[in-house]
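Heads up: the structure comes next, in structure tokens.
The values are calculated or read from the model by the stated rules, or taken from the named source; none is laboratory data. Bear in mind the structure is a predicted one, so any value in this text is a computation, not a measurement. Note that each Cβ is placed from the backbone with ideal geometry, even for glycine, and that neighbours are counted across all protein chains shown. The protein model used for the area step is the full one, side chains on, heavy atoms only, and it has no ligands, DNA or RNA in it. Shrake-Rupley method; radii C 1.70, N 1.55, O 1.52, S 1.80 Å.
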Amino acid sequence: MTYNNIKLGIAFFVFALFSCSSNKKIIVSEKRSEIDQKVDSIMDLMTLDEKIGQLNQYNGFWDITGPVPKEGHAAKKYDDLRKGLVGSMLNVKGVKDVKALQKIAVEQTRLGIPLLFGFDVIHGYKTISPIPLAEAASWDLQAIQKSAEIAAEEAAAVGINWTFAPMVDISRDARWGRVMEGAGEDPYLGSLIAKARIQGFQGNLSNKNIIACAKHFAGYGFAESGRDYNTVFVSDDVLHNSILPPFKASVDAGVKTFMNSFNDLNGIPATGNSLLQRSILKGNWNFEGFVVSDWGSINEMIPHGYAKDSKHAAEIAINAGSDMDMESYAYIDHLKTLVNENKVDIAKINDAVKRILKVKFELGLFDNPYKYCDEAVEKATVGKSEFHEGVLDIAKKSIVLLKNENQILPLKKSGQKIALIGALADDKTSPLGSWRIGADDNTAISVMEGMKNYPNNELTYAKGADVAIGRIQFMWETKINTTDKSGFDEAIQTAKKADVVVMVLGEHGLQSGEGRSRTDIGLPGVQQDLLEAVYKVNPNIVLVLTNGRPLALPWAAEHIPAIVEGWHLGTQSGNAIAQVLYGDYNPSGKLPMTFPRHVGQLPIYYNHKNTGRPTMNEPEIVFWSHYIDEKNTPLYAFGHGLSYSKFEYSNLKLSSNSFSANETILVQVELKNNSAVEGKEVVQLYIRDMVGSYTRPVKELKGFEMVTLKPYESKVVSFTVDAKMLAFYTANNVWEAESGNFKIFVGGSSDNTLESELIFNK
């Protein structure tokens, strides 16, 4: 790397900064110390303006291969870039464009500090994996990590070196559209998935890896009413025991960046929340990376009513520990003045700059700023066949069999007349899901295409009705078809002639995601009417759901014999669904989020607290915690998922019924496959702390094991319980296990378990 604009008088510093050590055996602590020294050397060379520039992130702003902008906003951004006043870019992709911008930063600025290039690589770049909520349904951490590795390698090949993922927000409310982007409602499962995705994205930070970003810090998934960007008010108990664990797991996994969230938390916007960013993240957890704001969230503290103007917002954000400004222009416009007015200590800016430079060093950009800029690699990598094999694997593992009466599934491979009904069955864009902005429309395998790979049945298609109408694009509202039933008759006549009907219904891929909250989480538009109309003429229906959130489907759960949760599964969606429908893949997915009976139950989640009146013995008595028009129980519980195999649990045993802090207990259960079909089962371990300094959930997931059994095979599955497993953030404001009585549960879902009792003594 060369810096043409650095004066000869500082050549010694340049040599010290960028000389590469030949000692490959250097230990991590020494390597970090070496990087810290290099960062300090750069800091000595930087002006205040250049430091502030490192905290400034701009969105892509002009046709990079075209003429240089001469006026307006784009011209200012370009001028700032040439002056070294930009630390990162986002939404720039493709080696040619990335290299052109990196060349300006490296070769035309005074110090030549390389840029970070961020992009929302949420579940793939061009080759799309299932949405993250669907991947969480696999409970397969290795497959989830592999999915992130595929996404990272493909994104890195086009010049991207930073993804704004994983989203590790816990959420209990299916109305919130961004549930599709996370791992569901459970902090334990969410923590393990966060770690797997971070390790998949970052790896060893080779040129096939990109840095990850744990988001949104914190509480975004608890937005009131499930309405995006809405306010959040939670107790210390909920904050520490439900919301923060996946973020702490992200730090432990070595994540390089955090993103703060849009919401206010207990009256303070997260972007300006020093408790979160300075005390907890950078203090208690010793996070060494940097925090980036969400898009414009620094200036959004103004409409929140927490900052009076952009200058005030910049002051609040930097003092609270928000290091990089994404598209608010608050830092670049106001930080220098704030420092000169003694409203911002230069030490706060220095800390933020050091964190950013350190990540750039760790990523290897100072050794080679064009590390991600090889057009030959780009051409050879994007869309590789092995990527398609990988996303097909995780797609199959993500499918959840919700119901299967009378063994209607798997379908016979020959001799059946099958009616395929639903606009989504022939859709090649919707299966890509939301947040796949690097992918091309019309590139997914549709369910129809997947089912045509089984040619020995007579397959007839009828659309029935459109789900969405008009313009369906990422930035625009998706309008739902609520009136047009003109295709119903064709669907009904097709169903009459069929032995079995496969109906593909649900949400369009852009009906979930950011800004796509819903108050009605049933089948959108006229699809429920279509389902009931077809059922009247042929009840032998397999309902395949394609959706980005849990849906409330009480009528279907009661009437339809087979229901398959097919989510938005990405590029290989149709092949994955067809292979499950025909039994070439035995479904093994388990729900990572509760499905309600009715939207009025939300938020609903398995690890809820008991009330003082959880039940009444007399059913006529009204004074207990319930609804008068619906059951308390979910439609499908967390952890639920069937198989073509039949699994049976028995003989739950504990090695002892009591233990102390330095001891462990062995929990064993016998699992049998009582069928002629080999299958895979996720065996789940839950606990309940019967009495605590805070009231405790009725169940908490604390372990799971994926077990494959041959026909009629049995196996003893074991778990080890220790004091750490029983610990929680107590009323003493520390993580600890409190002495007392516990229950142990083991089973195939949160609502179907064997149980035993345990006593713990400190």
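Segment Asp44..Glu663, full-extension length gain: 217.6 nm, with 0.36 nm per residue of separation and the alpha-carbon distance subtracted. By how many degrees, between 0 and 90 and to the nearest 10, does the Cα long axis of helix 330-340 differ from the longest principal axis of the chain? Its long axis makes an angle of about 50 degrees. Accessible surface of region 295-415, 1.4 Å probe: 45 percent of it comes from carbon and sulfur atoms. Projecting the Cα atoms of Phe659, Met725, Pro711 onto the charge dipole of region 655-731, computed from C-beta unit charges around the Cα centre, puts Met725 farthest toward the positive end. With all pairs of separate Cα atoms included, region 406-495 yields a Kirkwood hydrodynamic radius of 15.0 Å.
Rounded to the nearest 20, the size of the Cβ-charge dipole of region 254-369 about its Cα centre is 300 debye, with Lys and Arg at +1 and Asp and Glu at -1.
Heavy-atom accessible area for Arg436, with the other protein chains in place and a 1.4 Å probe, reaches approximately 30 Å². Packing order of peptides 201-210, 619-628, highest average first: 201-210, 619-628 (average count of other Cβ atoms within 10 Å over each peptide's residues). Ranked from largest to smallest solvent-accessible area, with a 1.4 Å probe on the protein heavy atoms, Lys497, Lys38 come out as Lys497, Lys38. The spacing between region 439-476 and region 108-137, judged by their C-alpha centroids, is 27 Å. For Trp735, the accessible area of its heavy atoms, probed at 1.4 Å with every protein chain present, is near 140 square angstrom. Across region 280-425 the C-alpha pair distances fall into 10 Å bins from zero in the proportions 9, 21, 19, 16, 16, 12, 5, 1, 0 percent. Across region 564-664, C-alpha contacts under 8 Å between residues 6 or more apart give a mean separation that, scaled by the residue count, equals a relative contact order of 34 percent. Cross-link pairs exceeding 31 Å in C-alpha to C-alpha distance, out of Lys672/Lys699; Lys103/Lys358; Lys384/Lys485; Lys83/Lys248; Lys358/Lys699, comprise Lys384/Lys485; Lys83/Lys248; Lys358/Lys699.
Mean separation of Cα pairs under 8 Å and 6 or more residues apart, divided by the residue count, gives region 694-762 a relative contact order of 22 percent.
At an R0 of 25 angstrom, the distance between the Cβ atoms of Val698 and Glu405 translates into a FRET efficiency of 0.30.
With 0.36 nm allotted per residue and the present C-alpha distance subtracted, the Asn91-Asn632 stretch has 190.3 nm of extension available.
Per the Debye calculation on region 216-279 with a single equal scatterer at every Cα and no solvent contribution, log₁₀ I(q)/I(0) for q = 0.20 Å⁻¹ amounts to -0.76.
Here the Debye sum runs over all C-alpha atoms of region 103-222 as equal scatterers in vacuum, and log10 of I(q)/I(0) at q = 0.10, 0.20 Å⁻¹ comes out as -0.32, -1.01. For region 603-725, taking Cα atoms only, Rg and Dmax work out to 18.1, 50 Å respectively. Past 32 Å, Cα to Cα, is the threshold; run Lys93/Lys590; Lys195/Lys609; Lys77/Lys354; Lys413/Lys590 against it and keep the listed order. Where the Cα-Cα span goes over 32 Å, the pairs concerned are Lys93/Lys590. Ordered from highest to lowest accessible area with the whole protein assembly present and a 1.4 Å probe, Glu558, Glu378 read as Glu558, Glu378.
For region 407-560, the fraction of alpha-carbon pairs lying more than 19 Å apart is 53 percent, rounded to a whole number. Specify which residue in the list Gly422, Gln407, Ala380 is farthest towards the positive end of the charge dipole of region 375-440, using unit charges on the beta carbon of Lys, Arg (+1) and Asp, Glu (-1), about the Cα centre. Of the listed residues, the answer is Gln407.
If contacts are Cα pairs under 8 angstrom and at least 6 residues apart, what is the relative contact order of the chain in percent? In percent, rounded to a whole number, it is 13.
Ordering His123, His304 by accessible surface, largest first, gives His304, His123; the 1.4 Å probe counts only protein heavy atoms, with every chain in place.
Could you state the accessible area per residue of the chain in Å², with a 1.4 Å probe and every protein chain left in place?
Per-residue accessible area for the chain comes out at 39 Å².
Here the calculated FRET efficiency for Ser714 and Lys343, from their Cβ-Cβ distance with R0 = 45 Å, stands at 0.05, rounded to the nearest 0.05.
Among rounded, prolate and oblate, which fits region 675-762 when a ≥ b ≥ c are the square roots of the eigenvalues of its C-alpha gyration tensor, a/c under 1.5 means rounded, and a/b larger than b/c means prolate? Since a/c reaches 1.5 and a/b is larger than b/c, the shape of region 675-762 is classed as prolate. Using only side-chain charges placed at the Cβ, +1 for Lys and Arg and -1 for Asp and Glu, the dipole size of the chain relative to its Cα centre rounds to 1060 debye. Close amide H partners of Val542, meaning residues 5 or more places away or on another chain with modelled amide H under 5 Å apart, are Val501, Val502, Met503. For Lys428, the aspartates and glutamates whose Cα comes closer than 12 Å to its Cα, not counting residues fewer than 8 places off in the same chain, are Asp440, Asp441, Glu449. With contributions of -39500 (n - 2.57) from each DSSP H run of at least four residues, the per-residue ellipticity at 222 nm computed over the chain stands at -8000 deg cm²/dmol.
Taken over region 265-306, the percentage of Cα pairs per 10 Å bin, counting from 0 up to the bin with the maximum distance, is 29, 49, 21, 1.
Of interest is the spacing of the C-alpha centroids, which for region 294-322 and region 697-762 amounts to 43 Å. The orientation-averaged projected area of the convex hull spanned by the Cα atoms of region 431-480 comes to 4.6 nm².
Arg471 contributes about 120 Å² of solvent-accessible surface, heavy atoms of the protein only, 1.4 Å probe. Entry note: region 594-634 has Rg to Rh equal to 0.96, where both radii use alpha-carbon atoms and Rh is the Kirkwood radius. In a reduced charge model with +1 at each Lys and Arg Cβ and -1 at each Asp and Glu Cβ, region 551-679 shows a dipole moment near 200 debye about its Cα centre.
Which shape class applies to region 254-337: rounded if a/c is under 1.5, otherwise prolate when a/b exceeds b/c and oblate if not, where a ≥ b ≥ c are the square roots of the Cα gyration tensor eigenvalues? Prolate.
Among the listed values (i) 15; (ii) 35; (iii) 19, the one matching percent of Cα pairs over 49 Å apart as calculated from this structure is (iii).
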